[in-house]
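Before any comments, here is the structure.
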Amino acid sequence: VSNSLRLQDNIARMLRECGNVPAAEASYRDLLERLKKQGSASDLLSCMNQLAVTLQKASKMEEAMKLHRECLAKRSHLLGPLHADSLQSTSNLAVLLSQSKPPEKYFLEARELFERAMDGREKTIGPDHVSTLYTVSSLARLLSEAPPSTRSRSNFEAAETLHDRAVTGLIRKLHEGHPLTLSALHHQALHWMARAHMEDTQDQGPSKELLSKALEQLRGVVNLRTEKVGRQHPDTIASENALRECQRLLRQGRQNDTLYATWQDLVQEELQTLNNLEQFRYARSRLRHFGVDKMLTDLISRNIVDKSSLTLTTGMSPFNIFARLAVGVMSQPQMAEEQRKLGPYSNKFMIVSNRPENDQHWESSDPAWCGKASMAKHHKMLILKDLHWEWFNVLTFGMASSASKAIQLLKDARTAALHWVSTQGSEWPDVEKVGLFVQVYSHCSVNAFHLHILDLTNLGPTFGRMAYKNLPLADAIAVIEQEVHAGIITP
C-alpha cells in the first residue's frame, strides 16, 4: 500500500478515536474506493473491516453487519479461517451481534462466533495472548448479559469462569491499570451484580457477598480510570454509575427504593453531580425505579403542583417566580421588547431575566454573590408557558405523555433561544459561542422549566460554582432520543 493510502488510513483511525466518526466514515469510504482500483486484496479487506467498525460506532448497525459479514467471508476464503485477520473479523462480527437488537435474535450466533474466535486464537497465538484474553472477556460479557429467554444458571457459571480467566490473565500480561484490564474488571463486577439479581428471592435480597465483591472492584476501577483518563471520560462515568447502582442494591437488600422517602433524598445520596449525558441517563433510570407517581404525589403534597389541575401553582407559598411570570401574575416590563423578538415562538415560550443586581455582579467572586449572580455577562432564561406538571423539569419530560412531544418541545426551546440570540446584534456573540443549559430537579432553584442562555465568551465565577449541575440541553435531548431507540419509553 502506498504512503498516501497508509496516511489516509491512519488519519481515519485518528478521527474515529477522537470521536469524529462522520469524518472517519467519509475518509474510509473514499479509501475503500481508492483501494478497489490500486490496492491489494488484503489491504482492501483491512479497509472494509475498519469501515465496518466505524459504521458500528456511528450506530449504522445494518450496514455495518452486512460489511462485517462480507469481510469475514472473504478473509476466510482468501486467508483461511485461522488467519489472524479472519479471527479479527470473526470477533468483530460477534461484538456487533452482541450489541444488536433484539438480543434474542443474535445471541446464539454471537456466542458461536466468540467461541470460534477464542478457539482459533488459542490454537494460533496461545491461550494467554492478550487478544485471546480479550475475546474471552467479550464472551463472558455476552453470557452475563444474556437475554431473558436464554438466561440460565449454566450461562452464569460459564461466564464466571471466563471472567476470572480474562481478568487474571490480563493483569498478568499487562497490568491492572491497562484499559483492556480495566474493561475486564468492570464487566466482571457487572457480572457479579447480575448474578446477585438472578439469585434474588422474595424473602432474600441479592447476595450480599457478591455485591460486596462488585463494590470493592468497581471502586478500584473508578479510581484507576479517573487517574488514567479523567473523571469525565465515558468509561469512568460508566463505572461510577455501576458503583452507585451497586451501593443502592447493598443498602436496600432488594431492587426497590423504599429507602428514599423523597426524590431529594435520592439526589443527595446518589446524584450530587448532574451535568452530563451519562449522569442524566442514570437520573431518569433512577426516577423510573423510584416512581414517577411517587414524585408527583410529593410535588402535590408540597403544593408545588395543584392536585386538581396538575399544573404548577402560582400563589405566594411556594413562590414560583417562573410560573407566576408565565401566567401573567407577575411581569418584567423591561423584557417586553425582548419577548416580541421571540417572534413565532412567543406563544409557547417567554424570555426572562435575572434581577438587575445579579446581572451587575456577574464578575464578582465575593462569596455574597458567587452562586447568586448571573453566570455570564449576558445571561437570560427561556421559560415555558405550559405549566402542566410534566414540563416542570427536564427530568420528567416524556414520562407522562410521549417522548416525541418531549423531544420536540426541547428542540423548539433550543430553536427559540438561538433565534432570540440572533436578534441581539453585536451585544451577544455568534450562536456557536452561546451555551444552553438546564438544571435537573432537585438541583434547580426554581421548580419550573427554564433554559439558561449564556454568553460563553464572558463567563463569570457563578458559572464555575454551578458547573456541577449545568446539563447541556443537547445531552438532555440525546438521552430521551436514546430511550426511545432502546424502547424504554413510548415514542
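The values are calculated or read from the model by the stated rules, or taken from the named source; none is laboratory data. Please read these numbers as outputs of a predicted model, since none were measured by experiment. All Cβ positions, even for glycine, are placed from backbone atoms using ideal geometry, and neighbour counts span all protein chains on display. In case anyone asks, the SASA skips ligands and DNA or RNA and just uses the protein heavy atoms, side chains included. Shrake-Rupley method; radii C 1.70, N 1.55, O 1.52, S 1.80 Å.
A few points about this structure:
- Candidates Phe156, Ile125, Ala448 compared by Cα position along the dipole of the chain: farthest toward the positive end lies Ile125, with charges placed on Cβ.
- Taking 15 Å as the cut-off, the amide N atoms of region 264-285 that come nearer than this to a point 7 Å along the Cα-to-beta-carbon line of Ala467 belong to 273-276.
- Subtracting the Cα-Cα distance of Lys228 and Ala58 from 0.36 nm times their residue separation leaves 58.6 nm of extension gain.
- When both region 25-54 and region 123-149 are represented by their alpha-carbon centers, they are found 28 Å apart.
- Rel. contact order, % - alpha carbon contacts under 8 angstrom, at least six apart, region 21-145: 16
- Whole-Å semi-axes of the ellipsoid equivalent to region 244-331 (Cα gyration tensor, √5λ, descending): 30, 15, 10
- Region 293-385: Cα Rg divided by the 2.2 N^0.38 Å rule of thumb: 1.29
- Prolate/oblate/rounded call for region 116-223, Cα gyration tensor, a/c under 1.5 rounded: oblate
- Surface share of carbon and sulfur [accessible, 1.4 angstrom probe, percent] for the chain: 51
- In region 276-391, Cα pairs under 8 Å separated by at least six residues give a relative contact order of 22 percent.
- Relative contact order of the chain, pairs being alpha-carbon contacts under 8 Å that are 6 or more residues apart, as %: 9
- Overall, the ratio between the Cα radius of gyration of region 25-126 and 2.2 N^0.38 Å, rounded to two decimals, is 1.07.
- Sites Ser404 and Glu104 - FRET efficiency at Förster radius 30 Å, r taken between beta-carbons, to 0.05: 0.65
- Distance (nanometres) between label positions extended 7 Å along Cα→Cβ at Glu115 and Ser353: 7.1
- Rounded to two decimals, the Cα radius of gyration of region 167-238 over 2.2 N^0.38 Å is 1.22.
- Point-to-point label distance, Leu456-Leu5, nm (Cα→Cβ direction, 7 Å offset): 4.0
- The mean accessible area for residues of the chain, using a 1.4 Å probe and ignoring ligands and nucleic acids, is 47 Å² per residue.
- Helix 153-173 axis versus longest C-alpha principal axis of the chain: approximately 80°, rounded to the nearest ten.
- Gain on full stretching of the segment that runs from Glu432 to Ala158 - 0.36 nm per residue minus C-alpha separation: 93.5 nm
- Under 23 Å from Lys411, Cα to Cα: lysines that are on another chain or at least 8 residues apart: Lys341, Lys348, Lys380, Lys385, Lys433, Lys469
- Angle in degrees between helix 292-301 and the longest Cα principal axis of the chain, rounded to the nearest 10: 20
- Kirkwood Rh in Å, taken over region 325-456 so that all alpha-carbon pairs contribute: 15.5
- Extreme residue, positive dipole direction of region 1-76, given options Met65, Gly39, Tyr28 (C-beta unit charges): Gly39
- Label zone at Ser445 (point 7 Å along Cα-to-Cβ), backbone N below 11 Å, region 365-405: 369-375
- Placing +1 on the Cβ of every Lys and Arg and -1 on the Cβ of every Asp and Glu, with no other charges, gives the chain a dipole of roughly 440 debye about its Cα centre.
- Dividing the convex hull volume of the alpha-carbon atoms in the chain by its residue count gives 184 Å³ per residue.
- Exposure check, 1.4 Å probe, all protein chains in place: Met316 carries approximately 130 Å² of accessible surface.
- Ranked packing of 110-116, 153-159, most packed first, by mean Cβ within 10 Å: 110-116, 153-159
- Cut-off 19 Å (backbone N to label point 7 Å along Cα→Cβ of Lys411), residues of region 456-489: 472-489
- Sequence-distant lysines (8 or more away, or on other chains) whose Cα lies within less than 24 Å of Lys36: Lys57, Lys60, Lys66, Lys74
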